[in-house]
Amino acid sequence: MAVAFSPGPDPCPFILPHFPPRGLGPFLAPRREDALDFGPLEAAYDYDAIRAVLTRDVIEGREESMWRYRELLPIDGEPTVGTQVGFTPLVKADRLAKRLGIRELYIKNDTVNYPTLSFKDRVVSVALSRAKEMGFKVVACASTGNLANSVAANAASAGLKSYVLIPADLEQGKVLGSLVYGTNVIGIHGAYDQVNRLCSEIAGKYGWGFVNVNLRPYYAEGSKSMGFEIAEQLGWKLPRHTVVPMASGSLLTKISKAYTEFQTLGLLDANQPFTIHGAQAAGCAPITAAFKRGTDIVKPVQKPETIAKSLAIGTPADGYYAIHAMRETGGAAEDCTDEEIVEGIRLLAESEGIFAETAGGVTVACARKLIATGKIPANETAVLCITGNGLKTQEAIIGKCGEPRLIKPSLREFEELIAGEVAADAAA
């Protein structure tokens with residue numbers, strides 16, 4: 001699946017043009033004059049050249065952002081958008097590990113990613129930095145929410161005009177999280193796949209820079225930064241298992257690519273094994289369904305029905321590649337119901353104080369199943385990728401976390417309220 005693109009007028013010496021066979025998936029042309037071509041594109045790098053300049057010491061001496069790995073990200077010059085994105089915490093989650101039944105567990109916590117509290121700031125940072133290099137004046141996206149927020153915020157910071165196209169029934173927190181930045185929000189009466197098709201037509205006619213259409217080869221590479229950070233934050237080691245939520249499947253493939261690139265460059269032990277697992281919501285699980293059938297042919301979901309709207313992509317562009325990444329690393333795919341998603345959100349919040357959006361609930365719930373079935377052995381180490389903040393999807397858990405207990409401003413009423421709890425604590 002190694003694919004690439006032609007570099008810009010001042011080409012980065014680490015990026016090589018390389019073109020794949022046709023027919024394996026959607027073509028995402030990075031240059032406007034190529035917009036009528038169709039076939040997959042991916043960045044390829046001159047690893048020999050990178051190996052000569054990129055060491056652990058060099059990386060550790062740089063600013064704590066995703067751009068500390070800039071030789072492995074596809075722009076020609078220095079980043080101009082999102083220079084503070086990334087290097088989010090890797091949290092050792094001992095209490096959650098105990099509840100899930102695994103020896104050692106970590107949370108890669110992109111709920112606090114800058115500036116819009118999701119991993120999408122990583123991909124947008126790369127896409128818009130490249131868009132500016134290529135001279136785009138208008139940028140845009142098709143989005144299930146988080147990407148819209150990120151394009152709106154990062155475009156505003158870069159002085160770029162932006163349009164974000166979203167399904168009309170998106171969570172209000174995500175709609176507001178785009179409108180506030182002054183972007184042009186267009187709601188479409190239809191599923192995400194219909195929004196995406198419309199964006200492809202608009203990109204072709206107007207020549208705008210759609211981050212996940214004609215800029216997608218650049219955009220997708222930004223996801224690798226999450227994998228780079230996990231490896232560095234674990235002390236230049238790989239977790240034995242990584243659980244990744246899947247919408248298009250791109251994030252999973254890029255984390256796998258990140259691990260492999262670090263091994264290729266000698267930044268990690270090349271012989272250290274790693275396993276990548278995928279997580280989807282049962283109401284939209286085309287990749288998981290194909291994996292469980294033992295095929296790489298992904299059957300589209302025409303009408304996704306899940307509270308995890310950020311994962312509700314019925315025709316996942318990278319599903320084929322995600323399946324192969326899981327199989328090649330010995331991984332597995334799982335899915336979970338809406339009720340299990342809510343339980344996953346609560347479990348993470350109650351155990352580790354991290355409030356994840358619905359996609360995070362999917363990751364936790366599916367990890368629980370993978371551990372229970374032995375696909376992630378209980379005596380090994382796992383990292384869960386939590387990709388967005390729960391403040392964006394509050395509707396999903398309203399009325400499912402209890403209600404506040406109301407009293408008058410009276411010490412007597414307070415003591416009556418907690419009397420049973422105090423007694424239980426004393427007896428414990």
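The values are calculated or read from the model by the stated rules, or taken from the named source; none is laboratory data. This is a predicted model, so every value here is computed, not measured. When we count neighbours, we look across all protein chains shown, and the Cβ atoms used for this are built from the backbone with ideal geometry, even at glycine. Areas reflect the complete protein model, heavy atoms only, side chains present, ligands, DNA and RNA absent. Shrake-Rupley method; radii C 1.70, N 1.55, O 1.52, S 1.80 Å.
Remarks
- Residues satisfying the criterion are present in segment 123-139 (criterion: out of contact with any His (no Cβ under 6 Å at 6 or more places or on another chain), under 26 Å from Val364 (Cβ atoms), buried (at least 24 other Cβ atoms within 10 Å of the Cβ) and at pLDDT 95 or above).
- Evaluation of Gly190 against (1) surrounded by fewer than 16 Cβ atoms within 10 Å (Cβ to Cβ); (2) in contact (Cβ under 8 Å) with a residue 24 or more places away in the chain (one fails), failing number: (2)
- All conditions but one from (1) open to solvent by 10 Å² or more (accessible area, probe 1.4 Å); (2) in a helix (DSSP H, G or I) apply to Val213; the one that does not is (2).
- The test for being in contact with a Lys or Arg (Cβ under 7 Å, 6 or more places away or on another chain), of a type outside the set (Val, Ile, Thr) and at pLDDT below 95 holds for Leu170.
- Among residues of segment 224-249 being among the small types (Gly, Ala, Ser) and part of a loop (DSSP other than H, G, I, E, B), the one that is surrounded by the fewest Cβ atoms within 10 Å (Cβ to Cβ) is Gly235.
- Filter result (touching a Lys or Arg at 6+ places or on another chain (Cβ under 8 Å) and free of Cβ contacts under 8 Å to residues at least 24 places away in the same chain) within segment 69-82: Glu78
- Restricting attention to segment 330-386 and to residues that are closer than 22 Å to Gln272 by Cα and polar (S, T, N, Q), the residue that is farthest from the chain's Cα centre (by Cα) turns out to be Asn379.
- Filtered residue count, segment 273-331, keeping only those that are buried (at least 24 other Cβ atoms within 10 Å of the Cβ), small (Gly, Ala, Ser) and out of contact with any Asp or Glu (no Cβ under 9 Å at 6 or more places or on another chain): 2
- Evaluation of Ala35 against (1) at pLDDT below 95; (2) open to solvent by 60 Å² or more (accessible area, probe 1.4 Å); (3) in contact with a helix residue (DSSP H, G or I) (Cβ under 7 Å, 6 or more places away or on another chain); (4) over 18 Å from Ser250 (Cβ atoms) (one fails), failing number: (2)
- Evaluating Leu252 against the criteria (1) open to solvent by 10 Å² or more (accessible area, probe 1.4 Å); (2) in contact with an Asp or Glu (Cβ under 9 Å, 6 or more places away or on another chain); (3) in contact (Cβ under 8 Å) with a residue 60 or more places away in the chain leaves one unmet condition, (1).
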